[in-house]
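Colleague: Mind looking over this structure? Questions follow.
Each value in this text was obtained by applying a stated rule to the coordinates, not by laboratory testing. Source: prediction; values computed, not measured. Because the Cβ atoms are built from the backbone with ideal geometry, glycine has one as well, and the counts that use them run over all protein chains shown.
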Amino acid sequence: MRYSLAVPAFAALAAALPAPQEIDLDMVIAQPDISYTTTASSVTYDVTSIAAQATSDISSISVDISAIATQTPVAVRRNVGKRAACAAQPTGVASYAVNTPDDTASAFSANPSFAAAASAAPIPSGYSNTFTNLNASNNAYGYMGYTALSSYDTEKCASKCNAINGCMSFNTYFERDPSLEPGSGCTDPASVTMIKCVFWGGPVSASNANNYGQYRSKFQVVIAGSNGYMNNTLAVPEGFTSAQYLGNAAINAPLDHEGYDTFMGSRIFTAGPFNASLCAAHCQAQNAYNIAHPPNNGSPVKICNFFNTYLLYLNKTSNSQGQYCSLYTEAWDSSYATNKGQYRGNDHYMIEYSYSFTNASSAGFNPKKGDTNGAVHQASVDIQYATLQPFCSSALGYSALLATVTPTTVVTPLATSTVLRTTTTTASINKRALSTPAVLTKYPASIVASACSMLVSQATSTSTSTAPVTTIQAATQTTLETSVITVTASPIPSTCGNKGIQYAYYGGSQYTEGDNVNAVYPEHYANRNPTWAADTTKVGGIDISSSNSQAISLYGSSTQVSSQYFILNHRGYIFAQVPGTYTFIISNPDDIVFLYLGDNAVSGWTRSNANAVASCCSNYPTRASTSYTLEAGDYLPFRIFFGQQGGPVRFAFSITAPDGTVILDNNTSESDFVVQYSCDGTSAPAFAPFGQGQ
């Protein structure tokens, strides 16, 4: 049995820092000790029985994780001591010498005996041939040294690799080397042929066989007949991409961009050699189980698209705990391999030979964009578990609706008339400042809003009220008024890195209006590449009364520009969460602003078809406004074209929603209702790149 002490110290550390996606040490400690005989000349194992472990205890258990920092593994370097010029070098293999009659690099590379030896070389037992007869050696991960052979013997090379702890693959090849150390007095000595066997702790493949030799003074070192072999325990499992070598670190993935937990659990194998196929089988079996047992709350099925596997050691590399495997729904790159082991008390759990593999048919969502649907359902579970539905009602601004009914009397002798009047009102989002519960702070606001919309009754209802009865004595007449109130609102759309608007800056040679910008034709800039372009969550806010040029920063950009002689071309979409009239105001610009709404904002925008224009110094008014009526769920494209010549500069603009909320001006921050495009790509298609026409 394994014992660990000083657990309180570990607990204190966990309390002080955000808990990462840690190794499940309780699971590791629960496994029996691994025993092995060091005197055995060979070890055999039953592949079938070991592979069966991968599917023996599949379940669908959710595991919580939290965001962590990232770092990149440190590369290993090799150092070679300086040799004395003309010093004798190894004599090489005489039977493969290529020094008469043509002792050149090209003759060496074309020597048919090298190709014949490489092509005829047997594949050692337990290995896979990854490439044959290349003119390059490997620059792979985990260099572990080399040995010189007296013949092209792949079996001997494999046996030497097998004897090296951690050797996962090897590369055998012919190399043209100098007989003397090139230098002063012997810059291009006669060649010898070396047969090398190079050992690697990571995979060798044709893609990383990119060492084609080098020059040593005037002597050219070249390579021929290069073969690569990889131990089958590192062979790429069927259905997965090539291995990503992570060295002595494991993936420690944060929540993805949308707050979704991509971790699916882990397990450890304690029998047989290191074999990535065990994790692949576990991943695929977990998928089969999850598909057959989908969540009953409508959440999307968690699918394993990526796994990380490594050897886990306790205190020293001679004390193996087994092969550890972690599953994920999304593929994480090597920058997230930051877990370099853990402590429990005085015990140090160490990671070695870590690799990750990605589903060849699907890597899942890009973690930098995130799984919106998964995050929304995950957030809805958090809301229900913490009974946060009242918070959702407040956040969405849902409240009781009131109607005022004014009776109408209709006099018709000897008849009873019933007058039905229908009144429609709309509920708007109440922009009250609310404190987000801690359990929901890991999600973007749009995810929380969508999750709340799933759980709280949508703001669409119908109510009926009956007005008092008015009777006139001419006969029996009764007036009955019924008022039907319908309230509609659209849920906040999902996000995908699309918030804010785009703008392009035209300055320097790209600005050609001189001091006559009030006569500018905006359409002339449709096919003109901007000086630069960027995104912003606000617009306007430029106000400099000085007639002298000053350096200014646009929307917080790190690029300083002149306050004179430039064009700004903004574009984006409004998302109408509530129906009604949206108001657009241009206030006292210096020099000129054109506003385009609807189709003209996307293409065909000209000087003559703007929805509103304001200018300080022309026939246009100094202040202009316009409005646009939208239905809930509509997207409205808009474009704001601002021109500034010499002298003072002033630019102010705003968009106001039907409920009076300003959704875009120089003070707004990130908004769910102002976007660059819709996530579905069709409701609000992305604009063409600036400078590529209309």
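Colleague: At what distance in nm do the modelled label points of S335 and T187 sit from each other, each positioned 7 Å from its Cα along Cα→Cβ?
Modeller: In this crude spin-label approximation the distance works out to 4.6 nm.
Colleague: Give me the net charge for the shell around T622: Cβ to Cβ below 12 angstrom, other residues only, Lys and Arg +1, Asp and Glu -1.
Modeller: Value of the local net charge: 0.
Colleague: Quick one: net charge around P689, please, counting Lys, Arg +1 and Asp, Glu -1 for every other residue with C-beta under 15 Å from its C-beta.
Modeller: Taking every other residue near P689 into account, the sum is +2.
Colleague: Given points 7 Å out from each Cα along the Cα-Cβ axis, report the T100 to N666 separation in nanometres with one decimal.
Modeller: Distance between the two pseudo-spin positions: 8.8 nm.
Colleague: Oh, and also: Which lysines have a Cα lying under 19 Å from the Cα of K340, excluding residues fewer than 8 positions away in the same chain?
Modeller: Those lysines meeting the cut-off are K316.
Colleague: At a Förster radius of 25 Å, what calculated FRET efficiency corresponds to the Cβ-Cβ distance of N527 and K368, to the nearest 0.05?
Modeller: 0.15
Colleague: At q = 0.12, 0.15 Å⁻¹, what is the log10 ratio I(q)/I(0) for region 241-384, with the Debye formula run over Cα points and no solvent?
Modeller: -0.52, -0.78
Colleague: In what sequence do W200, W332, W532 fall when counting other Cβ within 10 Å, fewest first?
Modeller: Exposure proxy ranking, most exposed first: W532, W332, W200.
Colleague: Also, I was wondering about something else. Mind giving me the nanometre distance, one decimal, between the label points for D680 and S546, set 7 Å out from Cα along Cα→Cβ?
Modeller: 5.1
Colleague: Let me ask something additional. Starting from the Cα of K368, draw a straight line to each of the lysines and keep only those under 16 Å, dropping any in the same chain fewer than 8 residues away.
Modeller: Hits, sequence-local ones excluded: K442, K499.
Colleague: I've got another one for you. On average, how much area does the Cα convex hull of region 94-234 cover when viewed from any direction, in nm²?
Modeller: For region 94-234, averaging the hull's shadow over all directions gives 8.1 nm².
Colleague: Does a label point 7 Å from the Cα of D599, set along Cα-to-beta-carbon, have any residues of region 668-692 with amide nitrogen under 16 Å, and which are they?
Modeller: 685
Colleague: What does the charge count near N518 come to, summing +1 for each Lys or Arg and -1 for each Asp or Glu among other residues with Cβ under 11 Å from its Cβ?
Modeller: With Lys, Arg at +1 and Asp, Glu at -1, the neighbours total -3.
Colleague: So how much slack lies between D535 and T436, counting 0.36 nm per residue of separation and subtracting their Cα-Cα distance, in nm?
Modeller: Roughly 33.0 nm would be gained on extension.
Colleague: Taking Cα pairs under 8 Å and at least six residues apart, what relative contact order does region 588-694 come out at, in percent?
Modeller: Once normalised by length, the contact order is 27 percent.
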